[in-house]
Structure formats: structure tokens, C-alpha cells
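These notes are about the structure you will find just below.
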Amino acid sequence: MKGGRSPDGAYEVRVSRGEGEPTDYALRFHASGKADPLFTLGDMGGYLTYAAAIEGCPALWHASSRIVAVSDQGTKHSRTLYMLAVSPEGTTLLNSPDYVQNALGRLGVTHVDRQCLSTPKRWDGDDLIVELYLVANGFLTYTCEVVLTLHHEKLSAPRLSLKSVSPPKETPD
């Protein structure tokens, strides 16, 4: 998959056939060159097929090679962001702050009308820049930039916080 190998080459994210999964693929996190996964992010998709997921679910690694952002298109109208901490001791899914609700609050609404797509764009140091596209407020389309900050202190588990959400801008359909 695009961006699947960590910067230091120690880990890989692979799109694998979804043996026993509700869809035909899963994202598996491996130590490089190893067959057995460290972690499986199953119950993926629903919209993408295995072949489409190879292109449609790119990985975006932090420079430390221990944090990775991946997104998956679960339906025609949704793309969900997953953040994972990867290490020899284990791989864990990180909790993300509810940046979608923050963006909706800036519009004075509480729910998405149809579409909500989160696309990780780049790392800027410990800040992950995410593009958020959503349809709300009477089926108007909006985009905004979300910045999530990674905190990875020496003696604690990594965590994410919401640094900023730009004002949603209405976009033409």
C-alpha cells in the first residue's frame, strides 16, 4: 500500500485479504519482513474492495516511525481516520478528539447531513494536518483544516489532542 513502510523501515501497514472479516480486506500492522501481524484493524470498509483499498487507504507515518495515520472509506459518504501507535510491545489504536463535532459546532449544527471525509495530509513535526470535508446545514458542503497534536512523552502512552480547527469554508458542489 502507498506509504505502508515506516520511515525507519521497521514496520509496515499492509492491506490484506480479509479472512473472516465482514469485507474482503483488513489493514494489518507488521514488523518488516514478518508474516504474523502485530495488530489487525479489521471490520474495515464496506465501500472499497481489496484492490481499491490498496490505493484508497494510504498510510502516513510520523517521523518517529512509531505512529501512523490511516483512513478507510467505510461507505460512499464516509472516510474515517485511524491513528495507531506501533511498537515491538504491541500496537494500539489511539483515541482521537471529536474534531468533526468541533467543526459542526462552528456551523451551528449538531450532525452531518450526508458526507464526512477525513483525509490525513501531512505531518508537521508532531502535528498531523487533516482535511475535513463534510455536508451539513441543509446539504451545503464545507472543508476545513484540522490539526491534531501528538504527545509522546517518555514514560507515558502516546495520545492525541485537538490543536485547531479552521473555520469551515463553504465549497461549491
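Of note:
- Percentage relative contact order, segment 1-94, counting C-alpha pairs under 8 Å, at least six apart: 24
- Taking the number of Cβ atoms within 10 Å of each Cβ as an exposure proxy, the fewest-first ranking of LEU93, LEU150 is LEU93, LEU150.
- GNM top mover of ARG114, ARG14, ARG159 - the chain, alpha-carbon springs below 10 Å: ARG114
- Residue order for MET1, MET83, fewest other beta carbons within 10 angstrom first, comes to MET1, MET83.
- Each of TYR50, TYR25 was scored by other Cβ atoms within 10 Å of its Cβ. Listed from fewest to most, they are TYR50, TYR25.
- Correct choice for semi-axes √(5λ) of the Cα gyration tensor in Å that was computed from the model, options (1) 28, 17, 16; (2) 28, 20, 12; (3) 20, 18, 17: (2)
We did not get these values from a lab; they are worked out from the coordinates using the rules stated. What you see is a predicted model, and the numbers here were worked out from it, not measured in a lab. Don't worry about glycine lacking a Cβ; one is built from the backbone with ideal geometry, like all the others, and counts go over all protein chains shown.
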